[in-house]
Amino acid sequence: MGKEMNKSELEELKQKALSDFAKYVNPQKARTLKNAGLSIIEGKREGAAVWDVTGEKYIDCITSAGSFNVGRRNPEIVNALKNALDEYDLGVFLLCSKPKADLAKKLAEITPGDLQYTMYGSGGGEANDFAIKLSRGFSMKTEVISTIKAYHGHTGFSLAAIGRDEYKKPFFPMVPGYTQVAYNDLKAMEEAVTEDTAAIIIEPVQGEGGIYPATDEYMKGLRKLCDDTETLLIFDEIQTGFGRTGKFFSCEHSGVVPDIMTIAKSMGGALYPISATIYREELNDFIVTHPFTHLSTFGGSDLGCIVSLAVIDYLIENKIPEHADKMGKRFQKGYDELLKKYPELFKEVRRKGLMMGLQYTNDSIGPRMSYQLALNGVMAIYTGNEPSVMRLMPTLTIEPDEVDFVIEALDKSMAEIMKQGGIEEY
């Protein structure tokens with residue numbers, strides 16, 4: 001163990017890491033984060049907080065878009081991984097294993113309705129890739145409908161489903177057969193469905209699109225539409241799953257069961273990458289005849305499955321979805337006061353559980369709020385689709401005093417922006 005560094009040595013270490021990141025990884029990302037006040041090199045991680053290597057503490061409201069639902073370095077999940085390493089490695093994707101079987105059985109038990117079979121992957125885009133491949137292969141149809149501002153990942157089939165052209169233009173032509181329609185607009189979806197529509201894919205809450213929850217009427221309408229037209233319904237629960245919205249899965253709020261569900265992010269407890277596509281029994285007919293239609297060397301690794309089982313147990317035993325619902329309501333009380341106090345800056349909150357979108361009145365406010373919040377001990381970032389919207393997605397284990405700290409930081413940050421002239425100078 002090396003000697004303890006003093007403040008100047010830690011700062012030097014930080015600046016070297018930032019410089020190397022810009023030189024060897026992504027200079028534009030480094031510049032963007034600097035402008036947002038987020039030139040942070042993560043050191044200690046614990047619960048809802050992270051410490052810069054220089055010792056500054058922040059409440060993490062970014063959490064890689066909801067990857068840290070059970071907290072930063074949750075001790076129980078860390079121990080599960082450590083213990084697994086005494087016996088397991090990745091395992092072989094093509095072979096059967098007890099951890100793979102155990103997790104798939106558990107997923108069939110906790111997912112809504114009659115979802116039964118699991119195909120493993122290592123990331124969310126891969127899970128959506130397989131969901132779309134499965135829908136096309138099973139239905140023998142080619143068209144896929146997604147929504148404007150949707151985000152489903154950056155791999156081939158999932159990239160084509162994204163509802164933002166900026167992500168896709170450099171790679172045209174896309175996989176053909178995709179259409180995007182307005183979100184929460186059932187009539188637009190009905191008009192878009194044809195005899196060749198294989199699937200509709202939506203997020204129960206649009207994440208990068210600006211935190212827009214689907215209405216119950218929309219979710220139920222999609223289910224009926226798909227039933228009436230023999231179209232498969234895919235729910236992308238990669239951000240919304242594992243308790244984020246106050247239910248284990250967001251679709252449970254409306255009581256709607258999809259034909260296919262994709263999950264990732266918090267599934268791995270922020271310690272080991274893993275994703276899954278879970279689907280109804282009848283869809284497995286396609287896999288029976290095409291057993292090697294999707295391969296993933298590291299997907300559903302034995303280590304990843306063991307970690308995921310520990311995550312599920314922790315969420316259930318500690319009633320984390322219920323806690324997320326309570327903390328979301330506590331946040332809402334704070335937001336209601338801030339909406340009254342800063343109407344020039346703060347327009348609206350869209351929220352489901354601890355998946356929260358703060359709508360500001362001007363595009364300039366998102367980046368400025370990121371900068372000010374960092375000065376006040378909170379990591380938060382505006383959305384790529386709309387800089388006037390800030391996503392707040394803290395760990396689901398966040399405690400009441402930490403919620404209050406974030407609200408106070410928002411208050412201080414908005415007060416500083418008003419002191420600087422509000423939006424009049426921009």
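The values are calculated or read from the model by the stated rules, or taken from the named source; none is laboratory data. Keep in mind it's a predicted model, so treat the numbers as computed, not measured. Every residue, glycine as well, gets a Cβ built from its backbone with ideal geometry; the counts of neighbours run over all protein chains shown.
Kindly indicate whether any position in the range 233-250 is without any contact (Cβ under 8 Å) to a residue 60 or more places away in the chain, farther than 21 Å from G121 by Cβ and either surrounded by fewer than 24 Cβ atoms within 10 Å (Cβ to Cβ) or more than 14 Å from the chain's Cα centre (by Cα) (or both). There is no residue in the range 233-250 that is without any contact (Cβ under 8 Å) to a residue 60 or more places away in the chain, farther than 21 Å from G121 by Cβ and either surrounded by fewer than 24 Cβ atoms within 10 Å (Cβ to Cβ) or more than 14 Å from the chain's Cα centre (by Cα) (or both).
A search for C-beta distances below 8 Å between a residue of the range 185-198 that is surrounded by 16 or more Cβ atoms within 10 Å (Cβ to Cβ) and any residue that is among the charged types (D, E, K, R) and assigned to a helix (DSSP H, G or I), counting only pairs 6+ apart in sequence or on different chains, returns L186/E217; A198/R136.
A quick yes/no check of all residues on (1) in the same structural domain as L410 (by TED's automatic domain parsing); (2) in a strand (DSSP E or B); (3) touching a Gly at 6+ places or on another chain (Cβ under 6 Å); (4) small (G, A, S):
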{"residue": "R350", "(1), (2), (3), (4)": "yes, yes, yes, no"}
{"residue": "N362", "(1), (2), (3), (4)": "yes, no, no, no"}
{"residue": "P367", "(1), (2), (3), (4)": "yes, no, no, no"}
{"residue": "Q372", "(1), (2), (3), (4)": "yes, no, no, no"}
{"residue": "E386", "(1), (2), (3), (4)": "yes, no, yes, no"}
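Assessment of the range 402-418 against the conditions (closer than 25 Å to G209 by Cα, over 22 Å from the mean Cα position of the chain (by Cα) and part of a loop (DSSP other than H, G, I, E, B)) yields no matching residue. Annotation: of all residues in the range 251-267 being among the polar types (S, T, N, Q) and in contact (Cβ under 8 Å) with a residue 60 or more places away in the chain, the one that is surrounded by the fewest Cβ atoms within 10 Å (Cβ to Cβ) is S266. Of the residues that make up the range 180-189, is at least one over 14 Å from the mean Cα position of the chain (by Cα), in the same structural domain as S139 (by TED's automatic domain parsing) and part of a strand (DSSP E or B)? Among the residues of the range 180-189, at least one is over 14 Å from the mean Cα position of the chain (by Cα), in the same structural domain as S139 (by TED's automatic domain parsing) and part of a strand (DSSP E or B), which makes the answer yes.
One residue stands out in the range 360-379 among those that are β-branched (V, I, T) and more than 16 Å from K419 (Cα to Cα): the one that is modelled with the highest pLDDT, namely V378.
Here the condition is being modelled with pLDDT under 95 and either touching a helix residue (DSSP H, G or I) at 6+ places or on another chain (Cβ under 9 Å) or buried (at least 24 other Cβ atoms within 10 Å of the Cβ) (or both); of I274, I287, I278, it holds for I287 alone. Would you check if there is a residue in the range 8-19 being of a type in the set (S, T, N, Q) and crowded, with 19+ Cβ neighbours inside 10 Å? Within the range 8-19, none of the residues are of a type in the set (S, T, N, Q) and crowded, with 19+ Cβ neighbours inside 10 Å.
With respect to being over 22 Å from the mean Cα position of the chain (by Cα) and under 22 Å from K57 (Cβ atoms), N362 falls outside the description. Of G123, G153, all but one fail to be under 30 Å from G43 (Cβ atoms), at pLDDT 90 or above, buried (at least 17 other Cβ atoms within 10 Å of the Cβ) and in the same structural domain as F286 (by TED's automatic domain parsing); the exception is G123.
Determine, yes or no, whether V311 is hydrophobic (A, V, I, L, M, F, W, C), in the same structural domain as A101 (by TED's automatic domain parsing) and more than 29 Å from M355 (Cα to Cα). So V311 fails the test. One residue stands out in the range 200-228 among those that are assigned to a loop (DSSP other than H, G, I, E, B) and of a type outside the set (G, A, S): the one that is modelled with the lowest pLDDT, namely E208. Residues that are in a strand (DSSP E or B) and of a type in the set (F, W, Y) were ranked within the range 100-144; the one that is nearest to the chain's Cα centre (by Cα) is Y120.
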